[in-house]
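Chemist: Before I ask anything, here is the structure I am working with.
Taken together, the values in this text are just the output of simple stated rules run on the coordinates, not laboratory data. Please read all numbers here as calculations on a predicted model, not as lab measurements. All Cβ positions, glycine included, derive from the backbone under ideal geometry; neighbour counts span all protein chains shown.
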Amino acid sequence: MYKNDKNQEEQNFWISYADLMAGLLFVFVLLVGAIVVRYIYVQQDLAQKRDALGLSENALSDKNKKIQILKMRLQENVSALARSRREKDTLAQDINLKNSDISKLKDLILDYERDTSEMQTKVATIEANLSQNQNILALRDDEIVALSEKLLEQSRAHQLLVDELNITKVKIKNLTGIRIKVVSKLKDTLGNSIQIDPKSGAIRFSSNILFNQGKYTLKAGAKKELSVILKKYIHTLLFDENIRDYIDNITIEGYTDTDGSYLYNLALSQKRALEVMKFLYTSDSQNRELYSRYLSASGRSYADLIHRDNGLEDKDASRRIEIKFRIKNEKSIKELETFLNR
């Protein structure tokens, strides 16, 4: 009896254990099934999220592309606006894009459209200003016409001046020809008796022939030479009316060497020139009035020395009496000649 009970208990234990294990297995199966179902749902949800994320990424990429396109268009528009502003000199503002401005790209596009409208208005204003400037230029054209007329008048005045200068040149040539004529006449009259300067027509007497050393009284032999040569020289200039009309004056000039002081030699040269002048007056008294109008005497001391080829003073040649004549208006003529040559 006891043994059967024990067997019966063992059987009940194993049955209970088997039921327990079956229940645990069922629970495990249910748990695994729930996990599988949850996993499936999670995978589906993840797939949906991946799809949604892919769509978001594509949308974001499209948005980035659109933003880049908008950036490029905006940059082109900004560059065009900057060029327009530089060309018209109406704006002086630099455009700087920052990273924080990306979110305002759409607003900038709207601003650009507004700026474009303002630019059109400004272009219209500039065109109006250009039209006004054209009117001003038309007025200036009238001024240019007036200036052209004035320039034409000045050109005519200049041509008159040129004509007068040409006439003056002819007169100068005539007067120059007169000097040449006078010099030629003097050479014909005096021959080889004395040397005549071919340019000025002056003649020169050595003081050694006319005066003693340091004296101003004429030598006896000097008066004879002056009577022959000097009188012919003076008569050729003053007694030929065709020549006398062009003579301004005749000067008797005395020169010395450097021996002694300047003032001493000045007084000596003046006395010698005056002595020659006195000789003409005393030897030809009937022509004194004519001489008084044309003749003069001057002492030059050693102001115009004569030098040898080696540069040293030629004292014998420096001591001299020179007789010169001057054509009327000769000084003015020389100034005109210098001006015309320039």
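Chemist: Report the Cα centroid-to-centroid distance between the stretch 270-308 and the stretch 204-251 in angstrom, as an integer.
Modeler: Cα centroid of the stretch 270-308 versus Cα centroid of the stretch 204-251: 8 Å apart.
Chemist: Add +1 for every Lys or Arg and -1 for every Asp or Glu among the other residues with Cβ under 10 Å from the Cβ of THR258, and state the total.
Modeler: Around THR258, the charge tally is -2.
Chemist: What does the charge count near PHE205 come to, summing +1 for each Lys or Arg and -1 for each Asp or Glu among other residues with Cβ under 14 Å from its Cβ?
Modeler: With Lys, Arg at +1 and Asp, Glu at -1, the net is +4.
Chemist: In vacuo Debye scattering of the stretch 212-282, one point per C-alpha: log10 I(q)/I(0) at q = 0.14, 0.19, 0.21 Å⁻¹?
Modeler: Cα-only, vacuum Debye calculation for the stretch 212-282: -0.54, -0.84, -0.95.
Chemist: Hey, what's the per residue convex hull volume over the C-alpha atoms of the stretch 19-97, in cubic angstrom?
Modeler: Roughly 78 Å³ of hull volume per residue.
Chemist: Same structure again: Could you check what % of the DSSP bridge pairs in the stretch 173-341 are antiparallel, to the nearest 5?
Modeler: 75
Chemist: Which of rounded, prolate or oblate describes the stretch 173-341 when judged by the alpha-carbon gyration tensor and an a/c cut-off of 1.5?
Modeler: oblate
Chemist: Now, a different point. Below 11 angstrom from the Cβ of ILE69, what's the summed charge of the other residues (Lys, Arg +1; Asp, Glu -1)?
Modeler: Taking every Cβ under 11 Å from that of ILE69, the sum is +3.
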